[in-house]
Amino acid sequence: VASFQATFRWCSELKTIPKGLFDKCTEVTDFGYAFSGSDKLVDIPEGLFDYNTKVTDFSEAFYGCSNLQEIPVGLFDKCTEVMNFQQTFMGCVNLTGESPYTIINVNGQDVKVHLYERNLYPEHFTAPTSYNRGFYYCSKLDDYNSIPSEWK
């Protein structure tokens, strides 16, 4: 499987995602719209995309999932090639906590790198090229004021 684009889109009764759902799908490059419109989704399991290291597109993946409470901070740790985060969490109005980040080592120091900071570390990440409204209406996030305007 190379694409899960729109696979669970508008699944209005989907409340949780099973842990390990995509673990054996190591060739996936596209999760665009995967869970968008699943407005009863309340939980994203830790490590959901840990084996999907070739993903380049998460556009609108969780768009409109208005009951999501938190995003696992390490959700995209292994997804270092992602170029498209456009509207990924748009409309997730109940998100709290911090937006996703990855801890990397830079000159012997651990550095927290949020999705919106990946372009600053090209030796670790492909710089996202599409990210407009990635966190639109996610104003309850702890780091919302630090998120660049193009991302919200």
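The values are calculated or read from the model by the stated rules, or taken from the named source; none is laboratory data. Fair warning: this is a prediction, and the values are worked out from it, not measured in the lab. Cβ placement follows ideal geometry from the backbone for every residue including glycine, while neighbour counts extend to all protein chains displayed. Note: accessible area is taken over every heavy atom of the protein model, side chains too, but ligands, DNA and RNA are not part of it. Shrake-Rupley method; radii C 1.70, N 1.55, O 1.52, S 1.80 Å.
Over the chain, what is the mean sequence separation of C-alpha contacts under 8 Å (at least six apart), divided by residue count, expressed as relative contact order in percent?
Value for the chain: 19 percent.
Give the label of the value calculated from the structure for percent of Cα pairs over 21 Å apart, choosing from (1) 60; (2) 38; (3) 53.
Read-out from the structure maps to (2).
Round to a whole number: what % of the accessible area of the chain belongs to carbon and sulfur, probe 1.4 Å?
Percent of accessible area from carbon and sulfur atoms in the chain: 46.
Starting from the amide H of His114, placed 1.01 Å from N in the peptide plane, find each other amide H under 5 Å away whose residue is 5 or more places distant or on another chain.
Here the answer is Thr102, since their amide H atoms fall under 5 Å of that of His114.
In straight Cα distance, which aspartates and glutamates are under 16 Å from Lys15, not counting same-chain residues fewer than 8 positions off?
Qualifying aspartates and glutamates at Cα under 16 Å: Asp39, Asp43, Glu46, Glu70.
Putting +1 on Lys and Arg Cβ atoms and -1 on Asp and Glu Cβ atoms, find which of Phe8, Ile147, Phe76 reaches farthest to the positive end of the dipole of the chain.
Highest projection toward the positive end goes to Phe8.
Antiparallel as a % of all DSSP beta bridges within the chain, to the nearest 5?
60 percent
If a/c stays under 1.5 just call it rounded; otherwise compare a/b with b/c (prolate if a/b is bigger, oblate if not). Do that for region 43-84, with a ≥ b ≥ c from the square roots of the Cα gyration tensor eigenvalues.
Oblate, because a/c is 1.5 or more while a/b does not exceed b/c.
Restricting attention to region 20-70, which trypsin sites (Lys or Arg not before Pro) occupy a DSSP loop and are surrounded by at most 10 other Cβ atoms within 10 Å?
Sparse-neighbourhood loop trypsin sites (Lys or Arg not before Pro): Lys24.
Suppose the chain between Ser130 and Lys40 were pulled fully straight at 0.36 nm per residue; how much longer would it get relative to their current alpha carbon spacing?
The Ser130-Lys40 span can extend by a further 29.7 nm.
So if I take the centroid of the Cα atoms in region 77-151 and the same for region 10-48, what is the distance between those two points in Å?
Result: 19 Å between the Cα centres.
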